[in-house]
Every structure is written in structure tokens, then in C-alpha cells.
Amino acid sequence: MDLIQIDENGLHLVFEKTEDFGCKLLHFSALPFDERSLLHVHDRETGGLRLNTERYNLLEIMISGQNRPGERHGNKYISTSPGDRMKLVYFADKHNEFGRKLEIHMEDKTCGIETISHMQFYNGVQAVRCWTDVKNVGTEPQGLEYVSSFALTGIEKEGMLSTDDKMRVWYPHNGWQREMQWESYTFPQLGLARCQPEEIQRSSKVIGATNIGNWSTKEYLPMGLLENTETGSNLFWQIEHNGSWHWEISDQMGNFYIQLSGPTETESHWWKNLQPGETFTTVPVCVGSTLGKFDDAMGELTKYRRMIRRKNADNEKLCVIFNDYMNCLWGNPTTAKELPLIDAAHKAGCEYFCVDAGWYADGFWWDNVGEWLPSKERFPNGLEEVMDYIRSKGMIPGVWLEIEVMGICCPKAARVHPDWFFTRHGKKVHDRSRWQLDFRNPEVVEHANEVVDRLVRDYHVGYIKMDYNIEPGIGTELNADSVGDGLLGHERAYLAWLDSVFARYPDLVIENCSSGGMRIDYAMLSRHSIQSTSDQEDYLRYASIAANAPSGLTPEQSAIWSYPM
């Protein structure tokens, strides 16, 4: 075998250049590559043992109209085409300000595509950031149905025991008021027990997790850990995306694999018609490995998260914030109610004071969000009076926003063009009496900028609790190849808008809140300095959420509610 061995930051990677110019990823682990300690399968023809690397594809990519001759059993993203026939062009080994970086260039001349698999190391961290570029260098459009950000076969090969006995997969269940609840399972407990001779093991069962829609963590956090109890090694990962994502573990031809990606056609209605000359880039993912227990892996992931996030003073100061919503005003603020709370927050030593929902509505505040003009009924002398009083007490004022939506009773919603909103089957998408704004539309971005600029300029706001309380589903059909393509475009446009806000106002603190913890992902948290961990109202039930929070995000980004006793 013609091998390329990479040893960096305690990680050991091995690539194989095959005789037919393929490129395989044979090994990714905190353990060195040692064939003597690997679980081989019996070769029926020779009666010996072999490490069958035929299916160890570095990249899986599926293009519409291409045959999949290999056996995959069901919806698994293996034996993809042209994934199975990608050829190595060159292997680049570089260094940049973060650390070492690998770029593996491959091509498929049949479809006329070129790909680059990126692997960015970070100095002193046992984790790598991975993503894939796909460029159409041909003359015809090519329909992308699936592109992996990371693919690794042979996840069970270290040690000699059966996968039934040594492999455990950990992943965090997530839900409203019950965030970050980790569970671990053996493969048989999830239905992926050995069912055939080792050399042909290939079932139709897939284990993993998927998110569909704009609430990126409504059922699971986009992360997990695979533990080998025999060798004491593990593989951990996170998908860094604020929308649809997918990871899966399954078997093929005697081996087990893991694959990480953003949106897919089968799960999330994503399909991209890649035009000649156009490049598509997958969502980034993090993959790492350590020797030791769960906490060792989370420690490396914490170091990595600190490396990739936006540098800001807020994560160093760790200020105390008073928010008037939970177990307090519950979205019914007035000047008369706020002033004594401001006095009490000042006395308690708070450094920020946030006026939560309702400040813009005379009555019911839920379905008229979107214009963000202060209620004169609630604040007879203007919102400025409350904001100035907060400043006079030495605190920084803040307000609640839900900038990505407009309520069905919002006056401005009737004045704007329908292409401001998500649309499916020719109709605007409703959820909980709100419409989803599409941040691919420059007029929507202009509207969002006007709101933030006005709050900072006129009311001297230094803190925004940015909430998000709907799930608009699979996406939008407007100006998109598929509804999932529209959703992905919106999500990336929203991140670009966030970047522009922080560039204008580097000291502005924007809390990431989505009904509490419905978007705990590192697309958002690489920008935001603080994350709402839950809407949980019961401090006894909050205990497990608070304890598990450092696994989902860095401790200094975790906003934990404190309750009056």
C-alpha cells in the first residue's frame, strides 16, 4: 500500500493512494495505525485475514442520474456515484495561522466535477475541522443529492472484540425545556447487532440523528461520541450548522462507518443543481479523538470551540444579566414595573438589564412582532426613559428581538412584497401566527439593519436577546433549486448578516436564544458570545441542563437562569 501518514496534535491519520488513483482514509484516531492490533476480517478465498480498504472512501457524493452498482441496503449514503470512482489529483499538506491543513483534490471526469476535502488542524487541539468543496468543471449542470463533510470507514477496527461487545455511541437528546440530555447505547441496543459473518456484515439498519428545518437542535444536538471500550479510544464530532443536518453510523462489507453532512435530499429535501463553473461548499464539521473517558473528549472539544469562535470581550468579562421575563413580568413590561426592577438589579450587582418581550405591543405581543416600534401605552414617556434609567444605574440596557419573523398582525407585513417570506406551494409559510423572513432578500437585510441601527443609535442598546420561536419546516421554494436549497441559502445569509452586525458594533452583546436551547450549534455560537440554555421554569428540573451545558458549548457561553428563592 502507498500510505500517507499524518501525526499531528495527538491525532493519527492514514491515507492510502490506490493503484487506480483513488484516495482512501484508512485511519483517524488518537491511537497509532498498527495493523497488528486491528480487527481484520476473514478472507473466504485465501482463508487468511485482510484489512479490506476497498470501501474506505474519503468522500461520498451522490449526483442525480448516476448508477449505484454497489450494495448499500436502504437509504445509506455509501456506494455513492461518483463517490466510488473519485480519483486523486494531488494531496496538499500546508500550514496557516491555525495550524496544519490538508487539502485532498479529487476529480470525476464522467460528471465533470472536482472536489477538495479540507482538513484544518488547530495547534494543540486533538480535533480537525472538515468540509468539502464541489466544483462543476464540465459543460452540463449536475444535481447534487448528497455530499459528505466527513466520512470514515473502519470505526470498529481497533481491538479484537466484536462491535456488539466493545462499541458504544453517545449522543445528546434535546428538546424544549429538556436540553442536552446525553444517553449512551451499544450497537445492539440500537438495532445494529452483528447478523452475518464478519466479512459480509451489511444490514439495512442505520443509527444516527437528523435535523430538518431551522430549529437546528429541536430533537438532538448536532454532535456525538463513539466509544471503543476495549481500547479506551473514542471519536467525537459536531456538525456546525444552524439548520438541517445528518449523521449516520452503519455497516458495509464487514466494516462500520460514520458520515457527517449538512442537508440531504432524502432527509431534508435538499437538492442543488450545480451549474458549470459553480462551486458548492458543505457545512463544516469538527472531528476529534482522544484516549480516555467522555470528559476527556469534551475537554478537547471545548478547546476547539474556543479556537473557532469570534473573539470578544464578553467571554472574558462574564457579566451578570437581569432579564425581566422568566418568573417575572412574562412579556408584560411597563415603565412603572421596570423602574423598581432596575433598582433591585442594580442593588444585586447586575451589569446588564434586558427588557424582554412585549415592549413594542400595546396588548397581546405574540403575533404583531416585526416592526419593533416601542409601545407608547406601555412607556408613556418613551422607551428612552427606561433605557436612560438603566444607564444611570451603571448598567447596560438591552431589549428582546425576534428579527427573523413577522407576526400575522404586524402592520409592516402587509406593506412588503411577498418574496420577503418563506413560500411553499405558492403560499406563505405560517407557524405559530408568524411568517419566516428570507434573509437572502436584500430588502429583508435592510429591514433588519434598520431595526438594529435604530435600537443602538436612539436607545443606546448594548444587549440584544435574539429569540426565535417558530419552525418553518423544510424550506422555501422561491429562487431555489429545492426547498432545502432555499433554507440553506437563508441560513447562510442570516449568518452573514450576523457577521455584518458584529463588524459594525463589536461591543454589542447578542444572546442566541431560540425558545431557550433550540439552536445550540456552532454555526451560531462561533458568532454569539452567549447562549440561552433553556426556557425551563423549574429550578429543580434545570439542574441536569445546567450540569450538561459544558458538553454542548463552552461554559463561559452558557446562560443559566437564576431564580428568586
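If packing is taken as the average number of other Cβ atoms within 10 Å across a peptide's residues, how do 73-85, 130-142, 93-105 rank, most packed first?
73-85, 130-142, 93-105
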TODO: Can you tell me the 0 to 90 degree angle between the C-alpha axis of helix 539-552 and the longest principal axis of the chain, rounded to 10?
DONE: 50
Task: Neighbour-count order for Glu60, Glu16, fewest beta carbons within 10 angstrom listed first - done: Glu16, Glu60
TODO: Would you compute, from DSSP H runs of 4+ residues alone, the mean residue ellipticity of the chain at 222 nm, taking -39500 (n - 2.57) per run and dividing by the full residue count, rounded to the nearest 500?
DONE: -5500 deg cm²/dmol
Open item on the list: Name the residue from Gly254, Gly552, Thr476 whose Cα lies farthest towards the positive end of the charge dipole of the chain, charges +1 on Cβ of Lys and Arg and -1 on Cβ of Asp and Glu.
Closed with: Gly552
Task: Least to most buried among Ile155, Ile258 (fewest other Cβ within 10 Å first) - done: Ile155, Ile258
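Mean projection of the alpha-carbon convex hull of region 2-308 over all orientations, in nm²?
Mean shadow area of the hull around the Cα atoms is 15.4 nm².
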TODO: Read phi for every residue in region 383-400 and hand back ³J(HN,Hα) as whole Hz from Karplus 6.51 cos²θ - 1.76 cosθ + 1.60, θ = phi - 60°, with x for Gly and Pro.
DONE: 5, 4, 4, 5, 4, 5, 5, 4, 4, 5, 8, x, 9, 9, x, x, 9, 8
Task: Rounded to whole Hz, the Karplus (6.51, -1.76, 1.60) HN-Hα couplings of region 16-21, x for glycine and proline - done: 10, 8, 7, 5, 9, 6
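Mind ordering 485-498, 531-544 by average Cβ neighbours within 10 Å, highest first?
Sorting 485-498, 531-544 by mean packing, highest first, produces 485-498, 531-544.
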Open item on the list: How big is the dipole moment of region 248-400 about its Cα centre under a simple scheme where the beta carbon of each Lys and Arg is +1, that of each Asp and Glu is -1, and everything else is neutral? Debye, nearest 20, please.
Closed with: 600
Open item on the list: If the only charges are +1 at each Lys and Arg Cβ and -1 at each Asp and Glu Cβ, what is the size of the charge dipole of region 2-308 around the Cα centre, to the nearest 20 debye?
Closed with: 460
Open item on the list: With θ taken as phi - 60° and the coefficients 6.51, -1.76 and 1.60, list the Karplus ³J(HN,Hα) couplings across region 157-169 in order, rounded to whole Hz; mark glycine and proline as x.
Closed with: 6, 7, x, 10, 6, 5, 4, 4, 9, 10, 9, 10, 10
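Given Cα pairs under 8 Å that are at least 6 residues apart, what percent is the relative contact order of region 291-358?
40
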Task: Contact order relative to length of region 180-333, as percent, for alpha carbon pairs under 8 angstrom and 6 or more apart - done: 19
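Can you tell me the length gained on complete extension of the stretch Asp499 to Asp133, counting 0.36 nm per residue apart and subtracting the Cα distance?
My answer for the length gained is 129.6 nm.
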- [ ] Estimate the FRET efficiency between Glu183 and Cys328 by the formula 1/(1 + (r/R0)^6), using the beta-carbon distance for r and 30 Å for R0, to the nearest 0.05.
- [x] 0.35
Open item on the list: Here is the link list: Lys101/Lys303; Lys317/Lys465; Lys76/Lys218; Lys157/Lys293; Lys101/Lys317; Lys317/Lys393. Which ones come out longer than 21 Å on Cα distance?
Closed with: Lys76/Lys218; Lys101/Lys317
- [ ] Would you kindly state how much longer the chain becomes between Arg306 and Asp343 on full extension, computed as 0.36 nm times their sequence separation minus their alpha carbon distance, in nm to one decimal?
- [x] 9.8 nm
Task: Semi-axis lengths, Å, region 304-458, gyration tensor of Cα atoms, sqrt of 5 times eigenvalues - done: 30, 21, 14
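Is there a quick way to get the dipole size of the chain? I mean about its Cα centre, with the Cβ of Lys and Arg at +1 and of Asp and Glu at -1; what is the value in debye to the nearest 20?
Here the size comes out at about 300 debye.
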Open item on the list: Placing one identical point scatterer on every Cα of the chain and ignoring solvent, what is log10 I(q)/I(0) from the Debye formula at q = 0.11, 0.12 Å⁻¹?
Closed with: -1.01, -1.16
Task: 5 angstrom amide H check on Lys465, placed H, neighbours 5+ away - done: Val399, Trp400, Leu401, Glu511
Task: Dipole-positive endmost among Asn67, Met298, Leu3 within region 2-308 (Cβ charges, Cα centre) - done: Met298
Open item on the list: In region 134-165, whose amide N lies under 20 Å from the spot 7 Å out along Cα-to-Cβ of Asp20? List them in ranges.
Closed with: 152-154
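Every number in this text was worked out from the coordinates using simple rules, so none of it is lab data. Quick caveat, the model's predicted, so the values are computed rather than measured. Because the Cβ atoms are built from the backbone with ideal geometry, glycine has one as well, and the counts that use them run over all protein chains shown.
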